[in-house]
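In what follows, a structure is listed as structure tokens, so that the remarks can point back to it.
Coordinate-derived values only; no laboratory data. The model shown is predicted, which means the values in this text are computed figures rather than measured ones. Reconstructed Cβ throughout: ideal geometry from the backbone, glycine too, with neighbour counts over all protein chains shown.
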Amino acid sequence: MHGLWLTEEQARRIAQHALEAAPNEACGMIGGQGEQARRIIPVPNVASDPRRCYTLDPETMARAWGELRASGLEVIGFYHSHPDGNPLPSKSDIALATYPDTAYLIVGLKDGAPDLAAWKIDHGEVHHLPLYVGDGPPPEALYPTTPAQRAAIIASGLLALVVTLVIALSLLPPAPEIMSTLP
Ligand SMILES: [Zn+2]
């Protein structure tokens, strides 16, 4: 998983779901092949506190998973929204992410306008994932083929992550227990 490719329509549907679910968090699944999304599947959020976290309804998720498999597709990602926040993984998003090779797409609605970002969360490690929204094929850089291209993508991803962390930390009040989790 080097990136995530959504069509304009798919991105619009995810953003619309997030807006409709607010003030609760919306969540769902992204079916597709490789980096290319083919199906957006809204899933009910059954979390006990849906304004602050999300839990995909297990029955809907299992059924959708089976239907995707039957049509030759895979689950390439999950999406959810932050009704009052930025599209950055929260501490619980990172702790509860269980699929290291899928994309975690987050819709931030902090300023009213949906802001989408994709992440790879691998056993507590967060990596920025290039997100491409467009109806044509993504630029070649999203699918690096040579080691040099891959290195460039990793470097830009790390830079984005550092910038994101700086932004995230600047938004947090000073908290020793948060600081102590830094690498
Ligand atoms: Zn979240």
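For labels at His123 and Glu140 in the simple 7 Å Cα→Cβ model, what's the distance in nm?
3.5
Mark the label point 7 Å from the Cα of Lys110 along Cα→Cβ and return the residues of the stretch 1-40 whose backbone N is within less than 19 Å of it.
Hits in the stretch 1-40 for Lys110 at 19 Å: 15, 18-19, 22-26.
Magnitude of the Cβ-charge dipole of the stretch 4-138, K/R +1 and D/E -1, about the Cα centre, nearest 20 debye?
Values: 11 positive and 18 negative charges, 24 e Å.
The calculated dipole for the stretch 4-138 is roughly 120 debye.
Any chance you could run the full-extension gain for Val46 through Glu67? It's 0.36 nm times the residue separation minus the Cα-Cα distance, nm to one decimal. If you can, show how the numbers build up before the last one.
Values: separation 21, 0.36 × 21 = 7.56 nm, distance 2.09 nm.
Contour length minus the Cα-Cα distance gives 5.5 nm.
Taking the Cβ-Cβ separation of Asp57 and Glu8 as r and a Förster radius of 25 Å, what is the calculated FRET efficiency to the nearest 0.05? Intermediate values should be presented prior to the final figure.
Details: r = 27 Å, r/R0 = 1.10.
The computed FRET efficiency comes out at 0.35.
Tally the DSSP beta bridges in the stretch 20-114 and give the antiparallel ones as a percent, rounded to 5. Mind showing how you got there, number by number?
Numbers: 14 of 20 bridges.
Around 70 percent antiparallel, to the nearest 5.
Which far-off residues, 5 or more places away or on another chain, put their amide H under 5 Å from the one on Cys27, with H placed in the peptide plane?
Val43, Asn45
When a/c reaches 1.5 or more, the comparison of a/b and b/c decides; with that in mind, is the stretch 4-138 rounded, prolate or oblate per its Cα gyration tensor? Present the calculation step by step, with values, prior to reporting the outcome.
On the way: a/c = 1.30, a/b = 1.16, b/c = 1.12.
Rounded.
Based on DSSP, what percent of beta bridges with both residues in the stretch 64-117 are antiparallel, to the nearest 5?
Working: 3 of 9 bridges.
The antiparallel fraction comes to roughly 35 percent.
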